[in-house]
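Contents: one structure, followed by commentary.
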Amino acid sequence: MIDFHIKEGKIIPVEITCSLLEQAMAKRMKATNGNGNGVGDVMSIHRFLIDGFPRNQDNYDGWVRQMGEKARVHFVLYFDCPEEVCIDRCLSRGAAGSGRIDDNEDSLRKRMKGFYVDTWPIVQLYKERGQVEVVDGSGDADSVYRSVKNIFSSSFQ
């Protein structure tokens, strides 16, 4: 079911995503603390990077319902990159044998359309709260990495 949603460029149901995130966070906390009695019990000393979530209003609402009292969002990391650069990079990744079922032009175009319709309003919501850090994603990997590293270094001192 998850593979089907990914291939079609659609969003995985929020209940599944939030449950998977919560389980992974609890597992990591248990591994590093030895208690892991719940995601919220020691969240203040743990930091998690969640890639590509929330992607739409339903994801955001589900996150708030399930994790709002258990986790604090420090910021959203937004990679500002032209659409064609993103698509070309993903197609190259697919040609190199990534094994991802969505590394094809049709799926990528659907994902980009979905981003503008569904995700961009969520980025704007966080931006209005002053919680968006922007990285120029059009540069080479090293320059993008340096930008991200600087953001994380300055955000968690």
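The values are calculated or read from the model by the stated rules, or taken from the named source; none is laboratory data. Quantities reported herein were computed from a predicted structural model and do not represent experimental measurements. Cβ placement follows ideal geometry from the backbone for every residue including glycine, while neighbour counts extend to all protein chains displayed.
Data for the structure
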{"item": "Some residue of the range 74-84 being at pLDDT 90 or above, aliphatic (A, V, I, L, M) and in contact with a helix residue (DSSP H, G or I) (Cβ under 6 Å, 6 or more places away or on another chain)", "result": "yes"}
{"item": "Tally, over the range 9-33, of residues that are crowded, with 17+ Cβ neighbours inside 10 Å and either within 15 Å of VAL64 (Cβ to Cβ) or in the same structural domain as LEU108 (by TED's automatic domain parsing) (or both)", "result": "5"}
{"item": "Restricting the range 11-47 to residues that are of a type in the set (S, T, N, Q) and not in a loop (DSSP other than H, G, I, E, B), the residue that is modelled with the lowest pLDDT", "result": "SER44"}
{"item": "Test: residue in the range 110-128 that is touching a Cys at 6+ places or on another chain (Cβ under 6 Å), within 30 Å of PHE4 (Cα to Cα) and surrounded by 15 or more Cβ atoms within 10 Å (Cβ to Cβ)", "result": "no"}
{"item": "Conditions (1) surrounded by fewer than 16 Cβ atoms within 10 Å (Cβ to Cβ); (2) of a type in the set (D, E, K, R); (3) modelled with pLDDT of 85 or more: number failed by ARG55", "result": "(1)"}
{"item": "Long-range neighbours under 9 Å by Cβ, at least six apart or interchain, first residue in contact (Cβ under 8 Å) with a residue 60 or more places away in the chain within the range 4-29, second of a type in the set (Val, Ile, Thr)", "result": "ILE6/ILE12; ILE6/ILE101; LYS7/ILE101; ILE11/THR17"}
